[in-house]
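The values are calculated or read from the model by the stated rules, or taken from the named source; none is laboratory data. Note that the structure is a prediction, hence the values are computed from the model and not measured. So basically every Cβ, Gly included, is an ideal-geometry build from the backbone, and we count neighbours across all protein chains shown.
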Amino acid sequence: MKSITVQQPQQMVIENRPLPEPAPEEVRVKVKLAGICGSDSHIFHGHNPFAKYPRVIGHEFFGVIDAVGEGVTTSRIGERVSVDPVISCGHCYPCSVGKPNVCAALVVLGVHRDGGFSEYAVVPAKNAHRIPDEVPDESAVMVEPFTIAANVTAQVQPREEDIALIFGAGPMGLTTLQALKGVYGVKRVIVADRIAERLEMAKHCGADHIVDNGKAPLSAWFERAQIKPTLIIDAACHPSILQEAIALASPAARIVIMGFSSEPSQVVQQGITGKELSIFSSRLNANKFPVVIKWLQEKRIAPEKLITHRFPYQQVGEAMTVFEKDQKSCCKVLLKFSE
Ligand code: NAI
Ligand code: MN
Ligand code: ZN
């Protein structure tokens, strides 16, 4: 089989690998589609501290089960599945409190273990989630990025009355936006970015207001509007944004961060305690695949609005370049591995 492997930073190849056999409690997935994410590009360039090389990258993938290991019913062969990349031990402290996404022995497919940019991938059977017939392939491959939004929103329980502010109109900002509008019915969602084309996408995904904060500070916009955000999601993840969010927030607001910067964020405690703000963080997803699959069935989210490019996997180099260089026209790039 062919696999897309990052052999070492900056060296990505399509190589021949032996067809893997599923171990006990595993299934083999014949991959149909996979999505490119920022973290694939980070592993490619050696910017992910968790990655080990060589690595088959890719953690957003969908396909069909074509073989099962011992202990897995053969009736699963032929099942359409999306794969949760989070593998956890099930008994450590974080696992015991419902946060397998930060398991003490966390393994993420495509990061710590070979992932889905491959004609076939073997994965734990319980990570392969059945996709209902009515959900199309191109929606199924988008489950993982929406689980990030599901994890963010589960932490803060958005309310219709919230005035929500999202920093960043990249894939993460847009999945969160769709969840706030389509699932939680938040009446006012403001999205800030510096790229006009991305703000247009946010509008298309349901944003009530879009703000180009490269031109004027957000504080000016909120002063003019005479409102304060009660829920702030940082999906841009520059270390300076946390303090900006603290300053903008309404008293009693919730703020969610999701960045991995190693640079410190300078924050003023008075701004937090004085308004009794709640600051949450969110990483990957904690058992959110079933949640998002239900959102898809109920048509509460529209993943097709995020898909801007499709390439056969043989053109992964070109696909990665478009993804990295063309933020104006590019949101989600899909790779096709089989029909
Ligand atoms: P992206 O780079 O495509 O989008 C970020 C957007 O933020 C860009 O459109 C950029 O113009 C905008 N931006 C930058 N600075 C801004 C500012 N000060 N104000 C407003 N907008 C600003 O990235 P993507 O894929 O949407 O991911 C966003 C972030 O989320 C990344 O930093 C990534 O590492 C992180 N992430 C975190 C995950 C988690 O589970 N915690 C999962 C996936 C991504
Ligand atoms: Mn991703
Ligand atoms: Zn664990």
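Tabulated values for the structure
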quantity: Strands (runs of 3 or more DSSP E) contained in segment 260-339 and holding at least 3 residues hydrophobic (A, V, I, L, M, F, W, C) and either outside the structural domain of Asp234 (by TED's automatic domain parsing) or more than 30 Å from Ala247 (Cβ to Cβ) (or both); calculated: 332-336
quantity: Arg188 being among the charged types (D, E, K, R) and either out of contact with any helix residue (DSSP H, G or I) (no Cβ under 8 Å at 6 or more places or on another chain) or modelled with pLDDT under 95 (or both); calculated: yes
quantity: Of all residues making up segment 250-298, the number that are under 15 Å from the mean Cα position of the chain (by Cα) and of a type in the set (Val, Ile, Thr); calculated: 5
quantity: Given (1) closer than 26 Å to Thr308 by Cβ; (2) touching a strand residue (DSSP E or B) at 6+ places or on another chain (Cβ under 7 Å); (3) within 15 Å of ligand 2 (Cβ to nearest atom), index of the condition Ser39 fails; calculated: (2)
quantity: Filter result for the condition that a residue is within 13 Å of ligand 1 (Cβ to nearest atom) and under 22 Å from Cys330 (Cα atoms), over Glu197, Glu244; calculated: Glu197
quantity: Residues located in segment 155-178, provided they are more than 7 Å from ligand 1 (Cβ to nearest atom), in contact (Cβ under 8 Å) with a residue 40 or more places away in the chain, touching a helix residue (DSSP H, G or I) at 6+ places or on another chain (Cβ under 8 Å) and hydrophobic (A, V, I, L, M, F, W, C); calculated: Ala164, Leu165, Ile166, Leu174
quantity: Among the candidates Lys275, Lys288, Lys328, residue that is under 25 Å from Gly115 (Cα atoms), among the basic types (Lys, Arg) and in contact with a helix residue (DSSP H, G or I) (Cβ under 9 Å, 6 or more places away or on another chain); calculated: Lys288
quantity: Sole exception among (1) hydrophobic (A, V, I, L, M, F, W, C); (2) within 12 Å of ligand 1 (Cβ to nearest atom); (3) outside any helix (DSSP H, G or I) for Ala252, by number; calculated: (2)
quantity: Residue within segment 264-280 that is of a type in the set (A, V, I, L, M, F, W, C) and touching a residue at least 60 places away in the same chain (Cβ under 8 Å) present; calculated: yes
quantity: Residue ranges of helices (runs of 4 or more DSSP H) in segment 149-249 with at least 1 members under 15 Å from the mean Cα position of the chain (by Cα) and over 26 Å from Lys275 (Cα atoms); calculated: 171-178
quantity: Near pairs, Cβ below 8 angstrom, 6+ apart or cross-chain, from segment 37-50 (under 15 Å from Gln11 (Cβ atoms)) to any residue that is within 12 Å of ligand 1 (Cβ to nearest atom) and basic (Lys, Arg); calculated: none
quantity: Filter pass, Pro85 being of a type outside the set (Gly, Ala, Ser), within 16 Å of ligand 3 (Cβ to nearest atom) and touching a residue at least 40 places away in the same chain (Cβ under 8 Å); calculated: yes
quantity: Single residue of Gly58, Gly78 found to be surrounded by fewer than 21 Cβ atoms within 10 Å (Cβ to Cβ) and at pLDDT 95 or above; calculated: Gly78
quantity: Test for Gly69: is it over 11 Å from Val111 (Cα atoms), out of contact with any strand residue (DSSP E or B) (no Cβ under 6 Å at 6 or more places or on another chain) and surrounded by fewer than 19 Cβ atoms within 10 Å (Cβ to Cβ); calculated: no
